[in-house]
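The values are calculated or read from the model by the stated rules, or taken from the named source; none is laboratory data. Not measured: the values here are computed from a predicted model. Neighbour counts are summed over all protein chains in view; Cβ atoms, including those assigned to glycine, are modelled from backbone coordinates with ideal geometry. SASA here: full protein model, heavy atoms, side chains in, ligands and nucleic acids out. Shrake-Rupley method; radii C 1.70, N 1.55, O 1.52, S 1.80 Å.
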Amino acid sequence: MNTSQPTPWRVPIQKPRLPPLETVEPYLKSVYSSGQFTNFGPLERNLRFRFAEIFNVGADQVALCANATLALAGATGVAEPKSWIVPSFTFVATPHSIQLGGGTIEFVDVIEGRWTIAPSSRHEHGFVPVAPFGMRPDIAGWNEQTTVVHDAAASLGVETDLSGLPELHAVVYSLHATKVLGSGEGAVVIFGNSNSAQNFRTWTNFGFLGSREARIPAANAKMSEIQAAYVHAALDGWKEEKAEWLNARYLAQEIESVHGLKPLLEESNLISPYWIVEFPDSLLCENFENLMNSSGIETRRWWGKGCHRMEAFLGVNQGALPVTESIGVRYVGLPMARSFGHEQFGLIYDALSKRKCECQETLFKTCLREKL
Ligand SMILES: Cc1ncc(COP(=O)(O)O)c(C=O)c1O
């Protein structure tokens, strides 16, 4: 039975891809023969060792989770601070997760050009800086004495040695189907110390630690063996996956340079599941988006105009947010997927070239010929 809906777009915004079924099958078979389907089974344990090697940390610093939203809830929930400073310019999962973990939040502004919050410290407060759209998390910028949970949900493609991760820090990565190393749902968290990792694992397992006594407020957020099977298979294919993402990024960069688009990600060898471009003003951004959509190319304002404007967060304290207000209407996400090649990027390229040649209207002339 084919239950997938046909996309109306010639180029959809993303195309989720899991590891090929035949590469997952041996892992799934091992799950069936072990008879352990969840509760920290052998695949989950081995996966912690694999990620420990990737991040150059001890396996006791690594924890796995059902998804990054729950991982952020748990990582902030088991930490000392109960008040957290977060950017408003992020995916809704960031503020949702902290509230889910029992913390209160305050929105602060991001820095122009980097779209993340500036390192600072405040008595009895923790911080959740977000590495936006697959960018490198700024770990070294933050004080070692400050509790920081880095939301690096989309940044698994950035090679990061976390051996020097400060004790009070943790870094959360998502393994969602649309992300790098996409495995369906899942998350990996690296902690600066093994006690926090252990507390986090307790949090993901009803607050149990060696007995059926709930020791802390908790959830069920474990990574199942089925999920772990997909992550193992994704890691086995990591080298090929990386090459595909790099190829897609290269093609996107060609379009950026020919058509004068300003990308968020300037680093050429950085793997990200997003393609974000920025415009000098909102009108130009809207015109560009209309042009793309009318050519069958899907776009998305991934984080809206910032969480502070969303109903769910209207009561949240906030500082002045001028940069968020400004970039919130000037950025747009273009299609990006590791399976995209000349066909998809060619359609985007052609849409821009065609409009540039044909355009008679002053608005588009100004917007797309002169300013872009
Ligand atoms: C910045 C950010 N944080 C958290 C998440 C949540 O990740 P997950 O889907 O694994 O819960 C996402 C997902 O897109 C994200 O972009």
### Message
As a test of the definition: which semi-axes, in Å, follow for the chain when you take the square root of five times each eigenvalue of its alpha carbon gyration tensor? Largest first, please.
### Response
36, 26, 17
### Summary
Ordering Ile271, Ile111 by the accessible surface of their heavy atoms, 1.4 Å probe, largest first, yields Ile111, Ile271
### Task
In nm, give the distance between the simple-model label positions of Ser83 and Met310, each being 7 Å from the Cα along the Cα-to-Cβ direction.
2.4 nm
### Query
Leaving out ligands, DNA and RNA, what percent of the accessible area of the stretch 238-371 is carbon and sulfur, probe 1.4 Å?
50 percent
### Summary
Taking Cα atoms only, helix 194-204 is inclined relative to the longest principal axis of the chain by an angle, in degrees rounded to 10, of 80 degrees
### Query
How big is the Kirkwood radius of the stretch 149-297, worked out from every pair of different alpha carbons and given in Å to one decimal?
18.3 Å
### Query
Across all directions of projection, what mean area in square nanometres is found for the Cα convex hull of the stretch 1-115?
12.2 nm²
## Note on the structure
Under the helix-only model (-39500 (n - 2.57) for each DSSP H run of 4 or more, divided by the residues of the chain), the mean residue ellipticity at 222 nm, to 500 deg cm²/dmol, is -11000 deg cm²/dmol
## Note on the structure
For Phe127 the rounded accessible area (nearest 10 Å², probe 1.4 Å, non-protein molecules ignored) is 10 Å²
### Message
If you take every DSSP beta bridge fully contained in the stretch 138-288, what fraction is antiparallel? Give it as a percent rounded to 5.
### Response
65 percent
### Summary
Heavy-atom accessible area with a 1.4 angstrom probe orders His96, His259, most exposed first, as His96, His259
### Extension reserve of the Ser211-Glu278 stretch, reckoned as 0.36 nm per residue once the Cα distance is removed
18.9 nm
### Query
By accessible area of protein heavy atoms, probe 1.4 Å, what ranking do Glu266, Glu289 get, highest first?
Glu266, Glu289
### Task
Please turn the phi angles of the stretch 58-68 into ³J(HN,Hα) values with the Karplus equation 6.51 cos²θ - 1.76 cosθ + 1.60 (θ = phi - 60°), one per residue in order, whole Hz, x for glycine and proline.
x, 4, 6, 9, 9, 9, 10, 8, 5, 6, 6
### Query
Among Val172, Phe345, Val188, which residue has its Cα positioned farthest towards the positive end of the charge dipole of the chain, with +1 placed on the Cβ of Lys and Arg, -1 on the Cβ of Asp and Glu, and the dipole taken about the Cα centre?
Phe345
